[in-house]
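This report concerns only the one structure given below.
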Amino acid sequence: AAAAAAAADAAAVLSSASGGGLGNGTNGGSISSGGVGGSGGGSSSGDGGGGQGEMLPTLSDLGLLSPGFDLKAAAAAAAAMAHNADFRNTLAALGSSSVLDSLAGMQFNVLPALMQQQQQTHQLLLQQQQQQEQREGHVDVLAAGNGIVRIAHVTDIHMDPLYTPGLNNDCGEPTCCRPPDMKAPNVSTTAGYWGDYNCDTPQTVVDLTLETLKQIAPTVIWLTGDDPCHNVWRQSEEFNVGVSTNVSRLFKAALPNIPMFPVLGNHNGFPVNQFHNLPDEDADWLYKPLGEVYAQNGWLNGTSLQEFQANGYYSAPMPGFANARVVVLNSNLQSNDNWFLWLADNTDVGDMFEWFNSTLTDAAAKGEFVFVLMHHPPADLRGNFSRTLTDIVRQHQSIIRTVFFGHTHTDFYQLFLSSDDSDAKPIVNSHVCGTLDPMGNKNPSFRVYDLNATTGELLDYTEYRLDLDAQNLLHNTSKLPAKFEIAYTAKTEYGLSSVDPQQMWDLAQRMKTDDALFEKYLFNFGSGRPIGKYTPDDRKRQICTLISSTPQLHDKCMKS
């Protein structure tokens with residue numbers, strides 16, 4: 001039954017990319033006992049079962065929907081009528097008084113309390129608009145063009161095609177807010193329209209991200225891994241490939257003319273974190289089908305496609321520059337959480353680091369500079385491979401401009417140093433933006449980098465953030481449209497003259513004694529959520545993480 005349910009999930013995810021339905025539903029169709037079907041262009045996803053044995057309940061089984069009920073009409077009515085005086089009459093006309101509770105989390109006994117907060121909400125919106133206007137004045141200084149290449153960085157999307165506002169966010173599973181979860185018993189456990197801090201990313205947030213990126217119009221987009229959600233007990237090879245296919249097609253449809261560079265994350269594997277020590281064993285189910293999707297999108301071709309379909313890593317010329325290259329590593333092949341590596345002894349799985357070194361040597365001979373993408377942070381590789389990566393970066397420091405990664409769901413950076421000596425100098429920086437996934441008490445975030453179009457030097461970066469508490473409240477009380485706000489720009493936020501490795505080293509040193517600066521960093525580290533108490537050791541551990549590209553260097557820093 002679990003396998004059949006996972007297969008239904010996979011079929012639903014694949015269906016959503018083409019606007020199809022599931023079970024007895026059709027395009028833009030209906031909901032049947034087979035599962036949930038969405039309308040064209042939206043999330044068409046299902047949670048049915050099949051075969052022998054116990055079946056997971058569908059929404060219809062839970063009494064939330066009746067056969068043939070039109071989800072598109074219900075969702076539209078929920079958005080338009082949630083606080084209308086004719087709300088009850090609308091429910092009666094639709095023929096269901098519970099489906100809108102499920103979709104929008106609207107419970108009659110809490111509406112008066114929500115309405116009392118409306119004045120406060122409008123004041124909050126006004127403050128946000130004023131802050132946005134102030135910040136935009138700074139961003140306009142670094143307008144795209146005029147010698148600047150703008151790169152957007154989106155990571156750890158973890159899109160859940162079954163996220164449903166109004167369902168329970170405290171279900172006891174790795175992720176909630178999705179069928180077969182029941183409707184939330186109270187306000188505090190009700191999944192919000194724009195997402196929930198205990199659940200994975202709704203497609204509404206992905207769509208909002210894409211609309212924001214349209215306005216920003218970056219030259220290139222980094223996608224540094226982890227498209228599938230955390231329903232690890234329900235996943236399959238087909239489901240994981242299906243979610244990544246869906247996400248990539250959403251990005252391609254919204255931004256058809258922007259080149260994108262996808263990276264595989266640990267949640268792309270099945271089971272989670274697991275990538276075979278012989279990469280060709282993952283090629284047929286993962287690398288080859290995803291490579292075909294990326295090729296159809298125009299993101300990979302020729303040698304880059306061949307490399308990806310063989311091992312999940314690749315390199316390609318970098319758009320926007322006359323002489324730049326992107327090198328994408330499959331860090332899952334050396335992740336500490338990959339149990340297959342117990343079978344690989346201490347080998348270079350897939351010959352990735354040999355290829356990496358060779359590719360950098362070739363780039364140097366051609367006069368190219370390089371950007372490196374990977375999913376895991378440098379210090380998160382197993383055994384001696386953080387050391388191997390660090391040694392290669394040191395060897396090629398003259399051409400590596402910046403390393404970009406994901407995985408941590410936090411906003412921070414990690415420096416490569418010239419040596420392990422106490423007088424070592426910072427030589428290359430690596431950056432990760434906040435995650436798009438709110439799970440783990442995070443506000444959905446992404447980042448935009450501005451680079452010198454001639455040298456590839458990183459000039460500044462801007463973090464964009466969606467305040468879930470505020471936006472869910474605005475949606476519930478006034479239906480005002482949500483928007484990503486500029487959370488900060490690095491140079492202004494941290495008092496930097498540049499964001500080069502030396503300045504970022506100096507920032508880490510200042511945080512050792514400047515409490516206000518360190519707490520500002522922690523606030524951004526957690527994607528704009530309140531910071532908790534921390535000890536001197538916590539503080540030291542955070543700062544050591546910023547200046548240590550290997551576990552050995554981190555240990556040395558902690559002991560100093």
Do we have Ala295 as over 23 Å from Val232 (Cβ atoms) and either in contact with a helix residue (DSSP H, G or I) (Cβ under 7 Å, 6 or more places away or on another chain) or hydrophobic (A, V, I, L, M, F, W, C) (or both) here?
yes
Here are Ser498, Ser548: which of them is assigned to a loop (DSSP other than H, G, I, E, B), among the polar types (S, T, N, Q) and free of Cβ contacts under 8 Å to residues at least 60 places away in the same chain?
Ser498
Could you give every pair whose Cβ atoms fall below 9 Å, whose first residue belongs to the stretch 401-419 and is closer than 17 Å to Ala490 by Cα, and whose second residue is open to solvent by less than 20 Å² (accessible area, probe 1.4 Å) and acidic (Asp, Glu), counting only separations of at least 6 or pairs across chains?
Asp411/Glu463
Quick one: is Thr303 surrounded by fewer than 21 Cβ atoms within 10 Å (Cβ to Cβ), of a type in the set (Ser, Thr, Tyr) and under 23 Å from Arg387 (Cβ atoms)?
no
Which one of Leu468, Leu459, Leu436, Leu451 is within 16 Å of Arg150 (Cα to Cα), buried (at least 21 other Cβ atoms within 10 Å of the Cβ) and in contact with a strand residue (DSSP E or B) (Cβ under 6 Å, 6 or more places away or on another chain)?
Leu451
Options Leu305, Leu300: the member that is touching an Asp or Glu at 6+ places or on another chain (Cβ under 9 Å), in a loop (DSSP other than H, G, I, E, B) and at pLDDT 95 or above
Leu300
Residue list for the stretch 244-297, filter: among the hydrophobic types (A, V, I, L, M, F, W, C), at pLDDT below 95, assigned to a loop (DSSP other than H, G, I, E, B) and closer than 23 Å to Cys229 by Cβ
Phe270, Val272, Phe275
Quick one: which residue in Asp140, Asp181 is at pLDDT below 90 and closer than 20 Å to Gln235 by Cα?
Asp181
Mind checking which residues of the stretch 190-211 are polar (S, T, N, Q) and either open to solvent by less than 20 Å² (accessible area, probe 1.4 Å) or farther than 30 Å from Asp170 by Cβ (or both)?
Thr201, Gln203, Thr209
Inspect the stretch 198-221 for any residue being part of a strand (DSSP E or B), over 30 Å from Phe321 (Cα atoms) and not polar (S, T, N, Q) and give the result as yes or no.
no
Note on Asp337: of the conditions (1) outside any helix (DSSP H, G or I); (2) open to solvent by less than 20 Å² (accessible area, probe 1.4 Å), unmet is (2)
Pick from Ser478, Ser418, Ser445: which is among the small types (Gly, Ala, Ser) and touching a Pro at 6+ places or on another chain (Cβ under 8 Å)?
Ser418
Of everything in the stretch 390-419, what is open to solvent by less than 40 Å² (accessible area, probe 1.4 Å), in a helix (DSSP H, G or I) and either among the polar types (S, T, N, Q) or at pLDDT below 95 (or both)? Give them in sequence order.
Thr390
Give me a count of the residues in the stretch 245-254 that are out of contact with any strand residue (DSSP E or B) (no Cβ under 7 Å at 6 or more places or on another chain) and crowded, with 18+ Cβ neighbours inside 10 Å.
4
In this structure, does Leu480 turn out to be touching a strand residue (DSSP E or B) at 6+ places or on another chain (Cβ under 7 Å), touching a residue at least 60 places away in the same chain (Cβ under 8 Å), open to solvent by 30 Å² or more (accessible area, probe 1.4 Å) and not in a helix (DSSP H, G or I)?
no
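The values are calculated or read from the model by the stated rules, or taken from the named source; none is laboratory data. In this text, all values refer to a predicted model and were calculated from it rather than measured experimentally. For neighbour counting, all protein chains shown are included, and Cβ atoms are generated from backbone atoms with ideal geometry for every residue, glycine included. For the accessible areas, the whole protein counts, side chains as well, though only heavy atoms, and no ligand, DNA or RNA atoms are used. Shrake-Rupley method; radii C 1.70, N 1.55, O 1.52, S 1.80 Å.
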